[in-house]
Structures are given as structure tokens and as C-alpha cells.
Amino acid sequence: MVTSHVPIPHDPVERIRALRVLREVYRRRKKPSLEVTYRTVNGSTCGPYYVARWRRDSKFEHGRTLYLGKPENESVSFVEWLVSLDREEVLELARHLMRNLRSVLKTLLTEVSDLPYKRARRVLARGLALTFDARPSDSPRIRDVLEKLPDRLESFLIRALGSWPAHYSSHLRKVIRSRRESLDGKHEIPDVEFELERWKLRHGRRE
């Protein structure tokens, strides 16, 4: 049970970064490590910059790195706090976040449907940033939300959550676009997790 105060970033961009870290925790069932990196630009070394990193293991053949930025960024402090917790506490927090995610996105649909793309994207990003504080829903699945989003916003959402394999985003969009009405007249909504497993099998991926 997470008993200490959760240091949720106040800045929306920083909250998105924290959300992506917890989304990857949920996927891998493992805490990240907080690591320092440097960049070389025109011969000059810039940094330090921080990243959250998961190494490859027996279950995941590819590691993953999420950029957090400068030491003073709130997402860096959040991940620093996160890695100090026990594994079960971190997984509990990640599960709570995923329960909230679906209800937040469904609420956002009514707010972005008639907005120009750039403004809709800002609303969607800020809504995702509020995920920590939303009321939980019964299911972590976001399939019914994804299939209603306009093309470019759907693409932005998939990039924002960003933990699916390369090229799976375009595959998911094709599945959503090609869905047909079932015999009883209701729309068939693709199961995101099921389609991901099918994609892995076709591409020889084992995780």
C-alpha cells in the first residue's frame, strides 16, 4: 500500500512524462532505473540529463528509455521517489493510474470533437496530465476511446502513451478503421491487447 504522499508534477508536460513511466511500469511489471546521460552538440557536451530506463530481460527482448530532462524537472523528482519505493508499491500505483486512464479519455472525447487539431491536442495532453486525480473506472482498456478519436489525435495519443512496439501504432489504426458492424447491428470494437498479441505473432516478436 502506497502510504506516502505521491509527488505528482504540477506542469502538464511533466505529468505526461510521469504517466509514460507508470504506463511502462504497468507493462513490464518492473521499476525503472534513474540514469544520467549527456549529449554532444557541435563538439560541446551538454547535460546532465536524466532518463528512466528498463533493461532487456528474459521477458522483454528490447529495453526502453524515457527521457525526463534536466535535474530540476519535476518528472526527475517523481521517478527518483518512485524507485525508492518497494516494487509492490510501484505496481499498485501503476495499476491505479491505468484504471483512471480510460475514464479520463472518455470524458475528453466530448471536449475535443469539434476543436481544431492544435487546440484539441492541448486539451488532450492536459487531460492526460490529470489522470492521477481522476475517478477510477472498471477497466483499464482504452479500445473504445481509441476507435472514436480523429486520426491525428489518435496518433498523438498513441505517441503520448508510447509503450507499444514500433509500427504497432499504424497497425492498430488499420484495425480500427477496418472494423465492421457485427450481425446484431452493433459495432465490433477491437481488443487492443488481443490485437497486440496477434501483431507479435505475425512479426515473430516474443515478450
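The values are calculated or read from the model by the stated rules, or taken from the named source; none is laboratory data. A quick note: this is a predicted structure, and the numbers were derived from the prediction, not measured. In this analysis, Cβ positions are derived from the backbone assuming ideal geometry, glycine residues included, and neighbour counts consider all displayed protein chains. In case anyone asks, the SASA skips ligands and DNA or RNA and just uses the protein heavy atoms, side chains included. Shrake-Rupley method; radii C 1.70, N 1.55, O 1.52, S 1.80 Å.
At a glance:
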quantity	calculated
Those residues of region 21-42 which are open to solvent by less than 70 Å² (accessible area, probe 1.4 Å) and assigned to a loop (DSSP other than H, G, I, E, B), in sequence order	Lys31, Pro32
Cross-chain or 6+ apart pairs with Cβ under 9 Å, region 143-166 first and farther than 21 Å from Arg17 by Cβ and at pLDDT 65 or above, then loosely packed, with under 14 Cβ neighbours inside 10 Å and of a type in the set (S, T, N, Q)	Lys148/Ser113; Pro150/Ser113
Residue tally, condition of a type in the set (Gly, Ala, Ser) and touching a residue at least 60 places away in the same chain (Cβ under 8 Å), over region 49-106	3
Test for Glu72: is it in a loop (DSSP other than H, G, I, E, B) and of a type in the set (D, E, K, R)	yes
Scope region 105-123; condition crowded, with 17+ Cβ neighbours inside 10 Å and either among the small types (Gly, Ala, Ser) or under 21 Å from Arg27 (Cβ atoms) (or both); matching residues	Leu105, Ala120
Residue within region 43-57 that is touching a strand residue (DSSP E or B) at 6+ places or on another chain (Cβ under 6 Å), open to solvent by less than 60 Å² (accessible area, probe 1.4 Å) and not in a strand (DSSP E or B) present	no
Which numbered condition Arg102 fails, given (1) part of a helix (DSSP H, G or I); (2) modelled with pLDDT under 80; (3) surrounded by fewer than 17 Cβ atoms within 10 Å (Cβ to Cβ); (4) basic (Lys, Arg)	(3)
